[in-house]
Amino acid sequence: GDSVTQMEGPVTLSEEAFLTINCTYTATGYPSLFWYVQYPGEGLQLLLKATKADDKGSNKGFEATYRKETTSFHLEKGSVQVSDSAVYFCALTGGNQGGKLIFGQGTELSVKP
Amino acid sequence: DTGVSQDPRHKITKRGQNVTFRCDPISEHNRLYWYRQTLGQGPEFLTYFQNEAQLEKSRLLSDRFSAERPKGSFSTLEIQRTEQGDSAMYLCARGRAGNTGELFFGEGSRLTVL
């Protein structure tokens with residue numbers, strides 16, 4: 001079945017460092033890809049999405065490019081802030097899945113001042 | 001505010017008891033999803049409704065679990081004869097049909113089974 005694999009955390013960075021969180025997927029058909037974020041004490045929020053190959057999703061300085069050839073959707077940010085500390089989830093959904101999301105296991109990011 | 005309220009936020013119960021969680025989404029979206037999240041894992045899909053119709057149930061949803069959405073607005077998730085393995089965060093989310101994948105999650109209901 002469809003699945004998502006993320007790099008294991010926790011990831012600890014200093015403020016202003018470059019961030020990459022790897023995400024690869026296995027899917028039949030042509031899934032849409034998402035990054036969701038869970039800040040401490042809050043619910044999951046959509047961060048960005050891409051619906052077809054080569055699309056780039058972006059939001060709040062974060063970017064991810066839908067790479068069909070490598071089945072990847074890595075999350076990047078050029079300069080992280082302490083406020084970016086959260087758990088990040090890669091997810092996918094396909095046209096035959098009723099809109100439900102399949103999530104990776106999450107990657108915890110901790111940014112130190 | 002994601003427009004999804006869940007109640008209770010935390011429930012502690014003894015093994016074998018029944019528990020019920022409620023989800024109240026704002027009315028603009030007609031799809032409602034239930035997920036379960038355990039510590040250190042991503043959310044796992046349980047079931048979803050379009051209006052009042054339950055369209056899909058995961059194999060994770062054993063016979064002890066039942067979900068309803070009687071009027072296409074709020075939803076309940078009941079767990080009968082709870083087991084320690086049911087301890088988890090139960091998440092509810094709303095979404096629009098056709099706009100797949102863009103879900104708005106509540107803050108969850110945490111279940112602890114002693």
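Rule-based calculations on the coordinates, nothing more; no lab input. Given the structure is predicted, the values throughout are model-derived calculations rather than measurements. Cβ coordinates were reconstructed from backbone atoms using ideal geometry, including for glycine residues, and neighbour counts include every protein chain displayed.
Of note:
- What the Cβ-Cβ distance of B:LYS57 and A:GLN105 gives, at R0 = 25 Å and to the nearest 0.05, is a FRET efficiency of 0.65.
- Counted without the sites themselves, the longest stretch of chain B free of GluC sites (Glu not before Pro) in a DSSP loop having at most 15 other beta carbon atoms within 10 Å is B:84-114.
- Per-residue HN-Hα couplings for segment A:34-43 [Karplus 6.51, -1.76, 1.60; θ = phi - 60°; Hz; x = Gly/Pro]: 9, 10, 10, 10, 10, 7, x, x, 10, x
- For the residues of A:99-111, the average number of beta carbons from a partner chain within 10 Å of their own beta carbon is 5.
- Radius 13 Å from Cβ of B:GLU52, net charge of other residues (Lys, Arg +1; Asp, Glu -1): +2
- 3J(HN,Hα) couplings calculated from phi for segment B:88-97 with the Karplus curve 6.51 cos²θ - 1.76 cosθ + 1.60 (θ = phi - 60°) are, in sequence order, 4, 9, 9, 10, 10, 9, 10, x, 9, 4 Hz; Gly and Pro show x.
- Scaling the Cα radius of gyration of segment B:6-112 by the globular reference 2.2 N^0.38 Å produces a ratio of 1.00.
- Radius 13 Å from Cβ of A:GLY1, net charge of other residues (Lys, Arg +1; Asp, Glu -1): 0
- The loop-placed trypsin sites (Lys or Arg not before Pro) in segment B:26-114, going by DSSP, that have at most 16 neighbouring Cβ atoms within 10 Å of their Cβ come out as B:ARG59, B:ARG64, B:LYS71, B:ARG81, B:ARG96.
- Over all other residues within a Cβ to Cβ distance under 13 Å of A:SER58, the charged ones net out to +1, with Lys and Arg as +1 and Asp and Glu as -1.
- Each distinct pair of alpha carbons in segment A:11-74 adds a 1/r term; the inverse of their mean, the Kirkwood radius, is 12.9 Å.
- Per-residue mean of foreign Cβ neighbours for B:37-47 is 5 (Cβ atoms of other chains, 10 Å radius).
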